Each structure stands twice: as structure tokens, then as C-alpha cells.
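Values quoted throughout were computed directly from the atomic coordinates according to the rules given, and no laboratory measurement underlies them. All of these numbers come straight from a predicted model, not from anything done at the bench. Because the Cβ atoms are built from the backbone with ideal geometry, glycine has one as well, and the counts that use them run over all protein chains shown.
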Amino acid sequence: MQEVIARKIGPKRKGFRGKEPFLKSGEMVHWDSYLERDYIRLADFDAAVEEIYFQPVCIRYTYMGKTRRYYPDFKIISPDGHVIVIEVKPTKYLRHPKNIVKYEVGKQFCEGKGWTFVIVTEEQIRPGYLQNNLALLRAYGFEDGVEHVISSIKEKMTVKHQCYIFELREEFMDVSDHDFQVALYRLIYLEELLTDLIKSHLTEESIIKMNLEGGE
């Protein structure tokens, strides 16, 4: 097996292809399926992921007498510099014989470089309401001009420690709904405020609490 330049991204004949912003870097990251798009959103939210690259390597291998190419979906870099190669695969295709060969090829390739090879499915990428909530947080949580509201919310939550969102909202009647939401969603996205994003939709009935260990 050897590493060569990954394939050039061109039009896709079937399915969907697009780009998703990776907010940590400000870069747009390509995706080849909606599941891959959702993985990018998950990786962006994950504090253990610092960088992400789409189909960064091509691995040549021989299968059934033919030379083939395997392009893993992503390469991510952790804050400590460790490299993890990610294969995104729907569960229904997980045990396909050709895919099993690719997994072994990817694993061996990564072991030779001191990297880690990981397969992720919709079970890890789309648990409960996580993706719906991440889409909401990403859409509203990064507008400018609400820094003073963010500071005030942090001060209030330092005292309250935990409360319903509607209870916190009552403390900011002089702030518009829009500015309050933007400030609150940014703090939740950065995990300075904690709430369960998997079990239910994020609403005014959601319980939030101060992250005593600190967010990003």
C-alpha cells in the first residue's frame, strides 16, 4: 500500500455533494453524502477535533488480482496532533465484503504511520436529536454584536449554576429574543453552558447548567 495524492473532486453522478463550514478553521469542507455532512458538524462540535480534511489520502491495494484505490472520507487532527482517519458508512453497508477489505487496508495503512483508523455510522453521528440541535446552534450562535449579553449570561449562571432556559430569559427582559438566543446558543455550542442535546429538542424548557470545568 502506498499514499498518493487524493482524487480531484468533480461532479457527482448520483446522490448529493456539497460543502459544510468548519467553524473552528473558517474553511469549507467537502462532503459526498448527507451522513458525511453531519459528521463534519459533529466533528466541529467535538473538542477532541482540531482540524478536518476531506479524502486527504489515496491508498493503493490489490484485491482479487486487481489494483484498486481507496479514499477514506476524512482525516482529523486532535489538539495533541494525533491523526485519525475516518470512514463514514451507513450501518446497512457496514458488512459488505468489499468494504470489509477496505477497512483492513485502511487499518494497516494507518498503523504504518502511527495513526488511528475509525469507522463511524449514523449511530454515532445522529444519536437522538443531536443533529437537529447542532444545526440550530450553528445557524444562530455565531453572529457578532452580542458579547455583552454573553458576559451577562455567564455572570448570571455563575450564581444560578442550573436553571431552565425560560428562567434565565426572565433575567434579560431588556434584551431582544434574537440577541438572547444568539448569546445563549454560542455558550451552549462552546460548552460553556451544558444541556442534553441528544434526548430532546432545545427549547425554553431545556435545563442548562454552568460548565464548572470550562468550555473551549
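What's the total number of residues in region 43-62 that are exposed (fewer than 15 other Cβ atoms within 10 Å of the Cβ), free of Cβ contacts under 8 Å to residues at least 40 places away in the same chain and assigned to a strand (DSSP E or B)? Adding up the residues that qualify gives 1. If a residue has to be of a type outside the set (D, E, K, R) and either more than 11 Å from Val101 (Cα to Cα) or under 20 Å from the mean Cα position of the chain (by Cα) (or both) to count, how many in region 60-76 make the cut? The number of residues fulfilling the criteria is 6. Whether any residue in region 140-148 is of a type in the set (A, V, I, L, M) and over 15 Å from the mean Cα position of the chain (by Cα) is what I want to check. Among the residues of region 140-148, at least one is of a type in the set (A, V, I, L, M) and over 15 Å from the mean Cα position of the chain (by Cα), which makes the answer yes. Against the test of being touching a helix residue (DSSP H, G or I) at 6+ places or on another chain (Cβ under 7 Å) and among the hydroxyl-bearing types (Ser, Thr, Tyr), the options Tyr93, Tyr129, Tyr103 yield a single qualifying residue, Tyr93. Among the conditions (1) of a type in the set (Phe, Trp, Tyr); (2) touching a residue at least 40 places away in the same chain (Cβ under 8 Å); (3) in contact with a helix residue (DSSP H, G or I) (Cβ under 9 Å, 6 or more places away or on another chain), Trp31 misses just one, which is (2). Of the helices (runs of 4 or more DSSP H) lying entirely inside region 100-181, those containing at least 2 residues that are in contact (Cβ under 8 Å) with a residue 12 or more places away in the chain and more than 30 Å from Ser78 (Cβ to Cβ) are 147-160, 165-169.
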